[in-house]
Every structure is written in C-alpha cells, then in structure tokens.
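Here's the structure we're looking at; comments come further down.
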Amino acid sequence: MAAGVLYPTMAEMGDRGSHEVQPRGMFIGTPEIYFAKRIDNSRVILVTDPKRRREMISLGVTLAALFLLVMVYLWQHFSAIEYGYKIEQLKAQRETIAETTRTLTLEEASLKDVSRIERLARQMGMQPPADGQWQPMESASADPATPVMAKANTISVISGMQ
C-alpha cells in the first residue's frame, strides 16, 4: 500500500481566511494523509438487464426517427431557399434577354430602313434599276402552305444600249 502526505500551501491557507504572515520554514496547517488501495475488478461480471436494453433500443429508435424527421424538414427548407435563388436568377436572365431582344429589334429596324439602304448603294456607285432590268416575282400558289420545288420563268434581258 502506498501512502502519501500532503501539506497545504500558502495559497491554500490564504483561501481559508488566514491573513497572518508566517515565517517561511514553519509548518502550516494540518497535514492530509491519504492511502492508495488497489481494487481487483477482474472477477466482476457485467450482467445485462433485458429491460434496460429494451429501453435503450426504444430510445435509440425514437432518436433516429426524430433525427430523420428533422433532416427531411431541413432538406425541404434548404431546397425551397435554393429554388427561390434559382427563380430570381432566371427572372434576371429573362430581363436581360428581353432587353437584348428590344435592342436587336431596334437595330434590325434601323438596318432595314430603305432610305439608308439607298444612300449606302449610291455611295458604292450603284444606281436605281432602269425599266426592264427588274422583273417582279410571281406570288406562290393560292395556298401558301403548298410546297414548290422549283419554278423557271422566262427571263428576257433588255439592254439599254442599242
């Protein structure tokens, strides 16, 4: 058996309310003696209690079900938040596309302007066609849904130089 002796320190004595200053080499307080005893637990057998085991299993199943319900709720909640962000992103993308469509429609209208096309053609040295240099295209059959493979017209070229 092992025995040990503990002497209280000055700090411990100060905690007890003693405010007297004692010389350094003097004995302070009563020594505390303790004995260490070795206990042999090798022959102790753990006996399982079936009632306690059933209680622990039912507690585990209940906690697992509760955990599963909480996780499903959190999954749905975060999915709803994620879909909200996706909807906002798609709305912003739709607005951007609509703005681009408006810009392109205006640009198309300005490029199709007949006076602009005539001005550019004159700058390139082109002249309006003289009579006989152009031939109107015949409209398709009465039903525009009827497909036409090919159609040849008799084209006659009249030269302006005679």
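Each reported figure results from applying straightforward, stated rules to the coordinates on display, with no laboratory input. A quick note: this is a predicted structure, and the numbers were derived from the prediction, not measured. Glycine gets a Cβ as well: all are built from the backbone with ideal geometry, and neighbour counts include every protein chain shown.
Here the label points at residue 85 and residue 121, each 7 Å from Cα along the C-beta direction, are separated by 5.6 nm in the simple model. Restricting region 51-143 to chymotrypsin sites (Phe, Trp or Tyr not before Pro) that sit in a DSSP loop and have at most 10 other Cβ atoms within 10 Å of their own Cβ leaves 134. The distance between label points at residue 95 and residue 61 comes to 5.4 nm (points 7 Å beyond Cα on the Cα→Cβ vector). FRET efficiency for the residue 46 to residue 70 pair, using the beta carbon distance and R₀ = 35 Å, is estimated at 0.55.
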